[in-house]
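Visitor: Here's a structure for you.
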Amino acid sequence: MKNDFFPQSIYWLVSCLILTTPPCLAQWQPAQWPVLKHYDKDHLRQIALPLGGIGTGTVSLGGRGELRDWEIMNKPAKGFSTVTVGNNAPFFAINVRPKTGVPMTKALIGPLDPAEYLHYEGRPANQHGFPRFREASFDAAYPFGQVSLSDAKMPVTVKIKGFNPFIPGDADGSGIPIAVLAYEVTNTSNEPQTVSVCGSMRNYIGKDGSRYDKDWKGDIVPKGAKKNVNVYKTGNGVQGIYMYSDSVNRQEAAWGTMALTTNSATGVSYRTSSRSNDWENAMLDFWDDFSADGTLTEKSKLVDDDPLASLAVQKVIAPGQTQTFSFFITWNFPNRGAWTSFSTKQDQETIGNYYSTQYTDAWDVITKTLPRLPALEQKTLQFVNAFLRSDYPDVIKEAALFNLATLRSQTVFRIPSGHLMGWEGVFDEFGSCFGSCTHVWNYEQATAFLFADLSQSMRDIEFNYATNDIGKMSFRVMLPLSKAQEWTGAAADGQMGTILKFYRDWQLSGNPEFLKKNWGQVKKVLNYTWIKGGWDGNQDGVMEGRQHNTMDVDYFGPNPQMSFWYLGALKAASEMAVAMNDKALARKCDDLFKKGSAWVDQHLFNGTYYEQKITDPKTFDFLNWEQDSTVNVPDYQLGKGCLVDQLVGQMMAHSLGLGYLADRSHIQTTLQSIMKYNYLDSFADHFNNMRSYVLGDESGLLMASWPKGRLKVPFPYFAESMTGFEYCAAVGMLYEGQTENALKCLTSIRNRFDGRKRNPFNEPECGYHYARSMTSWNAVLAWSGFRYSGVTETMSITSKPGTYFWSNGSAWGTCSVSRMNSTTNVSVSVLSGKLRLRRFTVQDAGTHQLAKNQEITEGKTVEFAVK
């Protein structure tokens, strides 16, 4: 295969336009893929790169080539298989038949880790009994994953390439329920090799892992599959096994369809079933059949609950040559339930999936996607290559790019209306903390800057479904949306953060109707802060009293976390009020901001960082408040502690161009103090009574420290370390020019996710793929200084020479900055979408006025000088 991607991609694209569809599709094969991170054979065990679309569920490509974590039936499945297990789990195998010599058959998987050897019944891992390749490594640049397999006894090497389209600004193109797998086989011998690659999987429709039974040995096994059916189908340039069930209840979340297909036009053989699986004979029968000649012989139909299907492609590979075997796994499981359906209850209301409104079944997915696949792959490559070629440190690229996998995980789904919904994370089998929780989702900005429509759909839910008549916003949204407000709790940080997020989404879109339509609701949400007994009931610009927050407790009294969210919301609301010609509200917000900012600096800044002034909830007067020196301290407070994310509101204000919310020198000193007091080079001697996300000699930032003595009972998570909060502090450091400390924090995080100890594509907090981990994208904004306003049609970037990827949620491209004497030269390229640009600012260098009503369309570049 050629190394130069663009000539090859153009060739295939032109071929697709000229030739008839089936030959074109039969010729498609993946292009040259980039690599950001390499993982050697000792750092593979935990790797699981999710393959699937936004809101569709995924199956993961393991670090050694295994397919794991089958999470396509509307629920998570971590650490075990919801499908068949052991030697019956889905896998790919290769049969190599030299012109002379002995044929060999192996699973297309690297070696087991010695830590996997022990099991009470000798079944320690899936495919434990199959011959494997002896050497393996993994290369990644999300969403592209590549596994390299080799074995001294094999005359071929194999590269497994797995991806799913991921295109900023194109949520539907990034939301396809498909796993694309290509097996590139290279003949390393000096004679031709007849090579067959085969995928095998059982039709496990109905087995979602949430219902269990005992097998004849007494082992607990998933149940649910019932007389499922496999059929071989061809058409539209694709052929393979279509899997369905007429016996599983069509209303269950685990009911749907699957397909295992290939676009190879020749050399295809298949089996839709095997013999009965008494004493594991079904897999034995398959192995013998495939090993005999590398082709499959169809079996007579066997009545089985989950029949084993296999699909093989055979090719002759000349010495030194490479051939590609392409396979596609597609699915459609339309019956997603409400939040509580992730429990063991089976009678929950069905909500449905957006992707199921786009495709009728799994076969429809592949027939609609395959003609578009070359273009989807090219656009995904364009995004990833533009990002990787930018002048961001590798650790920022890795943290930002790899955590985008969260958008593809079961943490995220879309209901049929298209609205994006999110858990906080996911556990092994169930979702973690339902309701698109505002005080968690406040932190991340990847969704807004990459998929504006999805972000705006979340604002629609928050302001138009979750907010009641007096402006109280449920910080967890119930489903269906008609029940959105049934969760009665309000969160101070969550509610203020949504105002900042609404301001951000309005600015990025430049759509005046978005603000006009929702302005009444935004005002309600802000006014709720000022009601009698509210967070700022005496309207002095300071949040007092009881404030529920992301620490899952109530803070009593003014504290930095809530204060900076509030100050940011006041600034954002003021600007929106001006745009809506609401002069009275704009003046009020400005006045409260000035008072509150001055008060926070005077009363909460202790000379090194901001702290909490605790009030007694039993005696507190919300309207006539003064600090009580003899306060009865309730449990679970911050007090004089140094909180890792105390400046989260300031971080967001910087990213939105709202400026400083408090004294600049105090902000900078605070970040230095967080590094001084909260960063540990080693956790080996650290006591933690809660959850451990950092262990042994690993390094990271503590949630809180108390340089002058800890509270007896602090907020629950004080001794932990969680990546989303660490990113928050590190991004703040980047904005303040504390680059060395910021990169040290970021490196500490990513060193922990090294493939051996943890999965590089899964940063947990309260659950895997935790939404707050996408705060890592904020580091891209901070390093580049990128800001965009569609309202004023302005863009700004750092004056540091270099090339920077940018995205505003609907368009994306690169911006290059260079200096010559006193002149700064700028080149802005739009690689996707279109960009309205009237004025461009290079920070600390100057501003350039562009032509009136300038619109840069896709594929265009504008160049100018700033003096």
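Visitor: Just need the Rg to Rh number for the chain, please, alpha carbons only, Kirkwood Rh.
Guide: Numbers: Rg = 28.1 Å, Rh = 28.5 Å.
Reported Rg/Rh, Kirkwood definition of Rh: 0.99.
Visitor: Next question, about the same structure. Using only C-alpha atoms and all pairs of different ones, pull out the Kirkwood radius for segment 800-867 in Å with one decimal. The partial results should precede the final answer.
Guide: On the way: mean 1/r = 0.0818 Å⁻¹.
It works out to 12.2 Å.
Visitor: What distance in nm separates the two pseudo spin-label positions at residue 836 and residue 531, each 7 Å out from Cα along the beta-carbon direction?
Guide: 3.7
Visitor: Using Cα pairs closer than 8 Å and at least 6 residues apart in sequence, work out the relative contact order for segment 390-784, in percent. Spell out each step's value before the answer.
Guide: Details: 773 pairs, mean separation 80.0, N = 395.
The value is 20 percent.
Visitor: Moving to a separate point now. To the nearest 0.05, what FRET efficiency results for residue 338 and residue 190 with a Förster distance of 35 Å applied to their C-beta separation? Don't skip to the end; give the middle numbers.
Guide: Numbers: r = 62 Å, r/R0 = 1.76.
The value I calculate is 0.05.
Visitor: Sticking with this structure for a sec: Place a label point 7 angstrom from the Cα of residue 583 along the Cα-to-Cβ direction, then list the residues of segment 786-811 whose backbone nitrogen is under 16 Å away.
Guide: No residue qualifies, since no backbone N sits under 16 Å from the label point.
Visitor: What are the ³J(HN,Hα) couplings of segment 304-315, residue after residue, when phi is run through the Karplus curve with 6.51, -1.76, 1.60 and θ = phi - 60°? Round to Hz, x for glycine and proline.
Guide: Those phi angles translate into 8, 5, 10, x, 7, 10, 9, 9, 10, 10, 10, 9 Hz.
Visitor: Would you kindly derive the ³J(HN,Hα) couplings of segment 522-536 from the backbone phi angles with the Karplus curve 6.51 cos²θ - 1.76 cosθ + 1.60 (θ = phi - 60°), listing them in order in whole Hz, with x for Gly and Pro?
Guide: Rounded to whole hertz, the list is 4, 5, 4, 4, 6, 4, 4, 4, 9, 5, 4, x, x, 5, 10.
Visitor: On to the next question. Once you have the Cα-Cα distance between residue 685 and residue 860, take 0.36 nm times their residue separation minus that, and quote the gain in nm to one decimal. Don't skip to the answer; put the middle values down first.
Guide: On the way: separation 175, 0.36 × 175 = 63.00 nm, distance 5.58 nm.
Separation in residues times 0.36 nm, less the Cα-Cα distance, equals 57.4 nm.
Visitor: Another question, then. Return the loop-located chymotrypsin sites (Phe, Trp or Tyr not before Pro) in segment 686-725 (DSSP other than H, G, I, E, B) with at most 14 other Cβ atoms within 10 Å of their own Cβ; answer none if there are none. Walk me through the intermediate numbers first.
Guide: Values: sites: 687, 693, 717, 718, 725; in loops: 687, 693, 717, 718.
Hits after loop and neighbour filter: 687.
Visitor: With only alpha-carbon atoms counted, please give the Rg and Dmax of segment 390-784, in Å.
Guide: 19.7, 58
Visitor: Note down the magnitude of the dipole of the chain about its Cα centre, charges +1 on Lys and Arg C-beta and -1 on Asp and Glu C-beta and zero elsewhere, to the nearest 20 debye. Could you put the intermediate results ahead of the total?
Guide: Details: 85 positive and 86 negative charges, 278 e Å.
So the dipole magnitude of the chain works out to roughly 1340 debye.
Visitor: Listing 198, 642 from the residue with the fewest other Cβ atoms within 10 Å to the one with the most, what is the order?
Guide: On the way: 198 28, 642 25.
The fewest-first ordering by Cβ neighbours comes to 642, 198.
Visitor: On full extension of the chain, what length is gained from residue 135 through residue 389, given 0.36 nm per residue of separation minus the C-alpha to C-alpha distance?
Guide: Details: separation 254, 0.36 × 254 = 91.44 nm, distance 3.00 nm.
That works out to 88.4 nm of additional length.
Visitor: Using +1 on the beta carbon of Lys and Arg, -1 on that of Asp and Glu, and nothing else charged, what's the dipole of segment 787-866 about the Cα centre, debye to 20?
Guide: Working: 9 positive and 5 negative charges, 21 e Å.
Using only the charged Cβ atoms, the result is roughly 100 debye.
Visitor: Enter the Cα centre distance for the pair segment 251-283 and segment 522-553, rounded to the nearest angstrom.
Guide: First find each Cα centre; the distance between them is then 57 Å.
Visitor: I would also like to ask the following. Do any GluC sites (Glu not before Pro) in segment 116-214 lie in a DSSP loop with no more than 14 other beta carbon atoms within 10 Å, and if so, which?
Guide: Details: sites: 116, 121, 135, 184; in loops: 121.
Passing both the DSSP loop test and the Cβ count: 121.
Visitor: With 23 Å as the limit, write out which pairs from 501/594; 501/613; 595/712; 744/867; 226/299; 227/301 have Cα-Cα distances beyond it, or answer none. All intermediate terms of the calculation are to be shown ahead of the outcome.
Guide: Working: 501/594 21 Å; 501/613 27 Å; 595/712 33 Å; 744/867 35 Å; 226/299 20 Å; 227/301 11 Å.
Correct reply: 501/613; 595/712; 744/867.
Visitor: Suppose R0 equals 35 Å. What FRET efficiency, 1/(1 + (r/R0)^6) with r the Cβ-Cβ distance, do residue 42 and residue 284 give to the nearest 0.05? Don't jump to the answer; show the numbers that get you there.
Guide: Numbers: r = 33 Å, r/R0 = 0.94.
Rounded to the nearest 0.05, the efficiency is 0.60.
Visitor: Report the gain in length on full extension from residue 758 to residue 318: 0.36 nm times residue separation, minus Cα-Cα distance, nm rounded to one decimal. Spell out each step's value before the answer.
Guide: Values: separation 440, 0.36 × 440 = 158.40 nm, distance 3.98 nm.
Using 0.36 nm per residue and subtracting the Cα-Cα distance, I get 154.4 nm.
Visitor: Continuing with the same structure: What FRET efficiency do you get for residue 266 and residue 121 if R0 is 56 Å and r is their Cβ-Cβ distance, rounded to the nearest 0.05? Numbers along the way, then the final one.
Guide: On the way: r = 42 Å, r/R0 = 0.76.
Here the calculated transfer efficiency is 0.85.
Visitor: Rounded to the nearest 20 Debye, what is the dipole magnitude of segment 84-149 about its Cα centre when Lys and Arg each give +1 and Asp and Glu each give -1 at the C-beta? Display every interim value, and only then the final one.
Guide: Details: 6 positive and 5 negative charges, 81 e Å.
It works out to roughly 380 debye.
Visitor: For n ≥ 4 DSSP H runs only, could you compute -39500 (n - 2.57) per run for the chain, divide by its residues and tell me the 222 nm figure to the nearest 500? Let's see the in-between values first.
Guide: Values: 18 runs with 221 residues, N = 867.
So the calculated ellipticity at 222 nm is -8000 deg cm²/dmol.
Visitor: Right, next: Using only alpha carbon pairs under 8 Å that are at least six residues apart, calculate the relative contact order of the chain and give it in whole percent.
Guide: 11
Visitor: For segment 488-497, just list the computed ³J(HN,Hα) in residue order, Karplus coefficients 6.51, -1.76 and 1.60, θ = phi - 60°, integers in Hz, with x standing in for Gly and Pro.
Guide: 8, x, 10, 10, 4, 5, x, 5, 5, x
Visitor: Less than 14 Å Cβ to Cβ from residue 716, Lys/Arg counted +1 and Asp/Glu -1: what total charge do the surrounding residues give?
Guide: Numbers: positive: 691, 710, 712; negative: 552, 554, 635, 720, 765.
So the environment of residue 716 carries a net charge of -2.
Visitor: Using Cα pairs under 8 angstrom and six or more residues apart, how large is the relative contact order of segment 787-866, in percent?
Guide: Working: 178 pairs, mean separation 23.2, N = 80.
The normalised contact order for segment 787-866 reaches 29 percent.
Visitor: A further question on this structure: Which one, 549, 512, 539, is farthest towards the positive end of the dipole of segment 501-612 when Lys and Arg carry +1 and Asp and Glu -1 on their Cβ?
Guide: Going by the Cα projections, it comes out as 512.
Visitor: Turning to a different aspect of this structure: Pairing the Cα long axis of helix 5-18 with the longest principal axis of the chain, what angle in degrees results, from 0 to 90 and rounded to the nearest 10?
Guide: Once rounded, one gets 70 degrees.
Visitor: From the alpha carbon gyration tensor of segment 532-582, can you work out the equivalent ellipsoid semi-axes (sqrt of 5 times each eigenvalue) and give them in Å, largest to smallest? Spell out each step's value before the answer.
Guide: Working: eigenvalues 112, 31, 14 Å².
Working from the Cα gyration tensor, I get semi-axes of 24, 13, 8 Å.
Visitor: Within 10 Å of each candidate Cβ there may be at most 15 other Cβ atoms; applying that plus a DSSP loop requirement, which chymotrypsin sites (Phe, Trp or Tyr not before Pro) in segment 107-155 survive?
Guide: Numbers: sites: 117, 120, 133, 138, 144; in loops: 117, 120, 133.
Taking segment 107-155 and a limit of 15 other Cβ atoms within 10 Å, the loop chymotrypsin sites (Phe, Trp or Tyr not before Pro) found are 117, 120.
Visitor: Under 5 Å between amide hydrogens, which residues at least 5 positions from residue 351 or on another chain qualify, with H placed 1.01 Å from N in the peptide plane?
Guide: Amide H neighbours of residue 351: 336, 337, 338.
Since every read-out is calculated from the coordinates, none of them should be taken as a lab result. None of these values were measured; they are calculated from a predicted model. Every residue, glycine among them, receives a Cβ derived from its backbone with ideal geometry; neighbour counts consider all protein chains shown.
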